[in-house]
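Below you'll find the structure, written out as structure tokens, and then a few comments.
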Amino acid sequence: MAVYTDITEGALRGFLEAYDIGRLTAYKGIAEGVENSNFLLHTTEGPFILTLYEKRVNAADLPFFLGLMEHLAARGLSCPLPLKRRDGALLGELAGRPAAIITFLEGIWLRQPETIHCAELGRTLAALHRAGEGFSLTRPNALSVGGWRPLWARARDRADEIAPGLRDGIDRELAFLEQCWPDGLPAGIIHADLFPDNVFFIGDALTGLIDFYFACNDFLAYDVAICLNAWCFDDKTGIYNGDKGRAFLAAYQAERPLDERERAALPLLARGSALRFFLTRAYDWLTTPAGALVVKKDPLEYWRKLRFHQTIEDARGYGLEI
Ligand SMILES: Nc1ncnc2c1ncn2[C@@H]1O[C@H](COP(=O)(O)OP(=O)(O)OP(=O)(O)O)[C@@H](O)[C@H]1O
Ligand SMILES: N[C@@H](CCO)C(=O)O
């Protein structure tokens, strides 16, 4: 559930006076998501999404996230557009939290994406990378190689409670990745959390991307590796699906071919991105109190994916034609 901060109708109506979006006719909290509080609003002008930014989002990053959505939407990417208040600001305050209204995107996210959806994703990820060019603000990726050790330090001592042997396994992997992490790959704006729950479809057509609150500047191929992890493994068996991987990579490359260095780095980037999601999940797993309303995500799913990537010698292992 993700309504951490409740709002009253009176406060909401007051907040909406700063906008030009018609009269409020209904609103309700949205249960999905774990980071922020989201509400679906209906006004006489249509549906909108209201987001109250919670503690894990650094308020200093909000101009980057909101500005980025504006930049991408202006370049034709289908993503929410933050609405300007009458005073021109994108951000206001509601119930003591920074708050913004963004446009509503039609579509639903797919619990079991198929090969055709992975191809749509590849095409759109490349479009996102192209559309991000020229965005004037920057935000380093706090969850890339430099951020992993501090995160690990907060989970390491209790890691074997998740599964015996994890502490040593992750120690070794982290040391290896810190030593071998590539540098100088093509970089730009990445989404950094493009999981199926952040991608909407109607039928087989991709209608838009949401949740840019991990977006940052990093290697573009790191985003590719995140998607291989999040989209191309079979949910039930945990086995890598070469058809999905091939379709995703071919569609991406049709719009933005990976260069030789990116291809060579793909297995490492896939290991790193699996470690990144393992670490945040492990931390949450160990620190979220029992009985909390948020559903904890399984860190071991990402440990298993990481172990698979350790066996991959080159990008052909993911279905990339070389
Ligand atoms: N622009 C939008 N149009 C339609 N629905 C939206 C939009 N933005 C958010 N939603 C709905 O709100 C839900 C939660 O949004 P979102 O994933 O951004 O929340 P979050 O708490 O920041 O997420 P996460 O836990 O994935 O980091 C989505 O699954 C979707 O149902
Ligand atoms: N997509 C992340 C959650 C944070 O958005 C995960 O599956 O671990």
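The values are calculated or read from the model by the stated rules, or taken from the named source; none is laboratory data. Predicted, not measured: the structure shown is a model, and the values here were computed from it. Glycine gets a Cβ as well: all are built from the backbone with ideal geometry, and neighbour counts include every protein chain shown. Accessible surface is based on the protein model in full, side chains and every heavy atom, while ligands, DNA and RNA are left aside. Shrake-Rupley method; radii C 1.70, N 1.55, O 1.52, S 1.80 Å.
Set side by side, the residues Gly46, Gly22, Gly14 differ, and just one is surrounded by fewer than 15 Cβ atoms within 10 Å (Cβ to Cβ) and either near ligand 1 (Cβ under 9 Å from one of its atoms) or under 16 Å from Leu105 (Cβ atoms) (or both), which is Gly46.
Taking the stretch 241-263 as the range and being without any contact (Cβ under 8 Å) to a residue 60 or more places away in the chain and under 13 Å from Phe219 (Cβ atoms) as the test, only Arg263 passes. Can you tell me which residue within the stretch 27-43, out of those that are over 18 Å from Glu106 (Cβ atoms) and more than 16 Å from ligand 2 (Cβ to nearest atom), is surrounded by the most Cβ atoms within 10 Å (Cβ to Cβ)? Out of the qualifying residues, it is Tyr27. Scanning the stretch 1-11 for residues that are open to solvent by 70 Å² or more (accessible area, probe 1.4 Å) and part of a loop (DSSP other than H, G, I, E, B) turns up Met1, Tyr4, Asp6, Thr8. The single residue among Gly146, Gly122 that is open to solvent by 20 Å² or more (accessible area, probe 1.4 Å), closer than 28 Å to Phe64 by Cβ, out of contact with any Gly (no Cβ under 9 Å at 6 or more places or on another chain) and part of a helix (DSSP H, G or I) turns out to be Gly146. Residues that are free of Cβ contacts under 8 Å to residues at least 40 places away in the same chain and part of a helix (DSSP H, G or I) were ranked within the stretch 161-175; the one that is farthest from the chain's Cα centre (by Cα) is Asp168. Scanning the stretch 211-232 for residues being part of a loop (DSSP other than H, G, I, E, B) and more than 16 Å from ligand 1 (Cβ to nearest atom) gives a total of 1.
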